[in-house]
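First up is the structure itself, then whatever we jot down about it.
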Amino acid sequence: MSLKVLVVDDSAVMRSMLIRTLRLSGLPLTNVYQAGNGAEALATLSAHEVDLALVDINMPIMNGEQLIEQVRANPRLAGVTLVVVSTEGSETRIEALRARGVSFVHKPFTPEQVRATVLKVLGVADA
């Protein structure tokens, strides 16, 4: 298994932290792409094959929920696994995302939490 990952967050610092966390977690990363909002993420998804997208909710231009709607509506992107990484605290909002097949990791997070969530959503047994 080798992963092509897209990290979507309007904070460059948070994108760097997530990428560092992915690397520290020992996941086999092939390519890691970055986007600062949902619109940039859609452009990246159009240009590159991606297995997994880690998506913030609150972003300018196009937020995470709008991005998820666009990804879910596009048959070409059906294979992209989505995980929201956010400080979102509303259980109603989180459950609505889960109902759409999206997993959730709360900020702040540990490398172990990210690794466990990614392995679970990809259906890979932890080695």
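Considering only residues of the stretch 6-15 that are of a type in the set (A, V, I, L, M, F, W, C) and surrounded by fewer than 21 Cβ atoms within 10 Å (Cβ to Cβ), which is modelled with the highest pLDDT? If we take residues in the stretch 6-15 being of a type in the set (A, V, I, L, M, F, W, C) and surrounded by fewer than 21 Cβ atoms within 10 Å (Cβ to Cβ), then A12 is modelled with the highest pLDDT.
Every residue, every condition in (1) in contact (Cβ under 8 Å) with a residue 24 or more places away in the chain; (2) more than 11 Å from the chain's Cα centre (by Cα); (3) crowded, with 17+ Cβ neighbours inside 10 Å, yes or no:
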site: T30; (1), (2), (3): yes, yes, no
site: Q34; (1), (2), (3): yes, no, yes
site: L52; (1), (2), (3): yes, no, yes
site: M62; (1), (2), (3): yes, yes, yes
site: E69; (1), (2), (3): no, yes, no
site: V83; (1), (2), (3): yes, no, yes
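Residues that are outside any helix (DSSP H, G or I) and either within 19 Å of V5 (Cα to Cα) or at pLDDT below 95 (or both) are absent from the stretch 64-73. The residue of the stretch 94-118 that is surrounded by the most Cβ atoms within 10 Å (Cβ to Cβ), among those that are free of Cβ contacts under 8 Å to residues at least 12 places away in the same chain and in a helix (DSSP H, G or I), is I94.
When restricted to residues that are surrounded by fewer than 20 Cβ atoms within 10 Å (Cβ to Cβ) and either in a loop (DSSP other than H, G, I, E, B) or within 12 Å of the chain's Cα centre (by Cα) (or both), the stretch 16-28 contains 4.
The values are calculated or read from the model by the stated rules, or taken from the named source; none is laboratory data. Just so we're clear, the structure is a prediction, and the values are computed from it rather than from any experiment. Don't worry about glycine lacking a Cβ; one is built from the backbone with ideal geometry, like all the others, and counts go over all protein chains shown.
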